[in-house]
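Inspection log for the structure reproduced underneath, given as structure tokens.
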Amino acid sequence: MAKEEVISDISRRKFLGTSTVLGLAGIGMSAGLSACKDGAQAAPGAAAPAPEHGAGHNPHKAPGQLDDYYGLWSGGHSGEMRVLGLPSGREIKRIPVFNMDCLSGWGITNESKAILGTKPDGTPKYMVGDTHHVHASYAKGTYDGRYAWVNDKINSRLARIRLDTFECDKITELPNVQGFHGVFPDKRDPVDQSIDRTTRVFCGSEFHIPHPNDGHDLESPEKYGALFSCVDAETMEVRWQCKVDGNMDLVATSYDGKLAASNQYNVENGAHYEDMMSAERDACVFFNVARIEQAVKDGKFKTVGDSKVPVVDGTKAANADPKTALTAYVPVPKNPHGVNASPDAKYFICAGKLSPTATVIELDKVLAWFDGKLDDIKKTIVAEVELGLGPLHTAFDGRGNGYTTLFLDSQIVKWNLAEAIKFYGGDKNAKYVVDRLDVQFQPGHVNASMSETREADGQWLAVGCKFSKDRYLPVGPLHPENEQLVDITGDKMIHVADHPVYPEPHDFIIVKRDKIKTRQVYNLDDFPLALKDPKESRIERNGNKVTVYLASQAPAFSQREIKVKKGDEVTIILTNFDKVEDLTHGFAIPKYNVNFIVNPQETKSVTFKADKPGVYWCYCTHFCHALHLEMRSRLIVER
Ligand code: K7E
Ligand code: CUA
Ligand code: CA
């Protein structure tokens, strides 16, 4: 890197760093932040050496070469999920989830609307979503390739993505919560330990609200509550909820299935921003899953409003005795963000956000506290070490190191857990910070290949930078975010690539490609509406309801004319009889807001009111054949 570039890089970092710190200083955070400067280990601003040209593994994949990992990426307030190939960073697919998508017809077809939920007029119940956290199903402590889940923070929904088709198949709306943020599947059944795979998905909610939220207690925030939710991984029904003191944020689960936890930044139950920062320590709340399920079995629960979901009491007052407690509150410094499970299954790391520290909590000690064998919950903390300014999320390499994003410092800090525990235990010679790497700029989430499994392989680290600033051609006031790829195979982290991404990915996971087995075509038997044979194609009328049983086979639709009368309710059921992988057809109707695709051996349907007389050429939108343009059918609406 040329000297001028280094200088301009430093000034860019300063620009962002200063403005962010100034923004926080005004709210009483300066003490906590500047405290870090005195820290022996923390050296914010100590720039890592610039990567030499050609250093690090080459992430480039030659034309025709496949990637080694799937990256399952959140799409943030675009409402979608994305699939990248890594290490190349090539975007392979966008999966519509909480958004509308006129390529696939998500939000347009009857099948997708049934998953999304509709209003009485048949339109989707919600049009917006905000995905933050993507996590996949486990078996034997690693990914099993069945499902991924992603949350919608805006409308408190959990979506499941099938990993054989990379499509959303179920969405569940959580009752009586707002700001559903953290999500994590369990890794083993806590009750029946012989079931060594994901059975439940846990959901933390950030915002506390009146229970039920029906217009009462509007001005009494002290009566608001926040619920932790458990969703069945198969049925996607909400199994139970647990009321907590304070709020929740991100979620982590233990490898034995016994514990789930969520960091809390608002133990104050503050309704205003300043109130949420008055306490010196917030908490990481642990849930004893087996005990909660026993309480539900024993009928020790209430329900809230119209919801039938059992709600157990996990508040401090109701759980003072460790031997019967459903929850445990481990105090951690000011407004923590992010809780991550280490791949050796021993620790949860809670990052400090407004404190320059990370807190290491030992899970065996948490279980000991629940058994009455540890007198003080604070003793579950085995390290609390300074890392730098604005620690948010931590990834792991499977070699005992954590990689934590420092939002304010625009850095990744690589630190050794065993050394951190020694240092905290009094060995001041223990050097826990291994390396620091400047990133561009202001990183949120970080994740490493297979990081959240027992097979963390320490190959690649991806960093989700919230600001790309001037690293890409300007496209107006809104800039893309910057996903950076780091080689973590050596002692030093080596930054090897940048990729612009459409806002705003938060979390992501990096899954070895052999964990995922996809289908090549669909199975017509899975679709109740599918025609068995293209010859069955027909148009049926029942009063003013017209059903068109349509088949596609390149390069033609089975009905060349679809004749209806103004005012008819028309349902088109399209079955694609092509059998070749990727031989997909589209079906668009001008002026009627209809556009969707059918993949090989798939069936989809749309319903609309034929309220505009005239001729409408329905055409195939998906390039399928030399005669793709000729693949048309005429919708004739008689007046
Ligand atoms: Cu840190 Cu929603 Cu995971 Cu964003 S949260 S960064
Ligand atoms: Cu069928 Cu294009
Ligand atoms: Ca707080």
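The values are calculated or read from the model by the stated rules, or taken from the named source; none is laboratory data. These figures come from a predicted structure and were not determined experimentally. Note that each Cβ is placed from the backbone with ideal geometry, even for glycine, and that neighbours are counted across all protein chains shown. Only protein heavy atoms, including side chains, enter the accessible area calculation; ligands, DNA and RNA are left aside. Shrake-Rupley method; radii C 1.70, N 1.55, O 1.52, S 1.80 Å.
Descriptive notes on the structure:
- What the Cβ-Cβ distance of Arg519 and Asp375 gives, at R0 = 41 Å and to the nearest 0.05, is a FRET efficiency of 0.15.
- Distance between the 7 Å Cα→Cβ label points at Arg639 and Ser194: 7.3 nm.
- Carbon plus sulfur fraction of accessible area for segment 152-199, probe 1.4 Å, in percent: 41
- Centroid-to-centroid, using Cα positions, segment 526-582 and segment 73-150 are 27 Å apart.
- Ordering of 379-390, 80-91 by burial proxy (mean other Cβ atoms within 10 Å per residue, highest first): 379-390, 80-91
- Site pair Ala320 and His57 shows an inter-label distance of 5.4 nm when each label is modelled 7 Å from Cα along Cα→Cβ.
- Evaluated over segment 530-637, the Cα radius of gyration and Dmax, each in Å: 12.9, 39
- For segment 422-567, projected area of the alpha-carbon convex hull averaged over all directions, nm²: 18.5
- Distance in nm between pseudo-label sites at Lys609 and Ala271 (7 Å out along the Cβ direction from Cα): 4.2
- Carbon and sulfur %, accessible surface of segment 274-395 computed with the full protein complex present, 1.4 Å: 51
- Orientation-averaged projection of segment 309-383 equals 6.1 nm² [convex hull of Cα atoms, one quarter of hull surface area].
- Segment 342-371-segment 294-311 distance, computed between alpha-carbon centres (Å): 29
- Along each principal axis, taking the top coordinate minus the bottom one, the Cα set of segment 81-148 gives 44, 29, 20 Å in descending order.
- Packing, as the average of other Cβ atoms within 10 Å across residues, places the peptides 250-257, 266-273 in the order 250-257, 266-273, highest first.
- Taking every protein chain into account, the 1.4 Å probe leaves Arg560 with about 140 Å² of accessible area, to the nearest ten.
- Averaging the sequence gap over all C-alpha pairs within less than 8 Å and six or more residues apart, then dividing by the number of residues, gives segment 401-473 a relative contact order of 27 percent.
- From most to least packed by mean Cβ count within 10 Å, the peptides 64-73, 472-481 give 64-73, 472-481.
- Cα pair distances exceeding 18 angstrom across segment 245-341, given as percent: 52
- All distinct Cα pairs of segment 221-288 go into the 1/r average, and the inverse of that average, the Kirkwood radius, is 13.2 Å.
- Based on protein heavy atoms only, the chain ends up with 42 Å² per residue of surface accessible to a 1.4 Å probe.
- Viscosity 1.306 mPa s, temperature 10 °C, Stokes-Einstein D of segment 281-320 from Kirkwood C-alpha radius, µm²/s: 138
- Binned Cα-Cα distances of segment 293-445, short to long, each 10 Å bin given as a whole percent: 11, 33, 28, 18, 8, 1
- Euclidean distance of C-alpha centroids, segment 419-475 and segment 169-229, integer Å: 29
- Accessible carbon and sulfur surface of segment 461-553 relative to its total accessible area, %, 1.4 Å: 53
- Tilt relative to the chain, helix 3-24 - C-alpha long axis, 0 to 90 degrees, to 10: 80
- For His132, the residues whose amide H sits under 5 Å from its own are Asn151, Lys153, ignoring neighbours fewer than 5 places away on the same chain, with H placed 1.01 Å from N.
- Largest first and in whole Å, the equivalent-ellipsoid semi-axes of the chain read 46, 31, 22, each the square root of five times a Cα gyration tensor eigenvalue.
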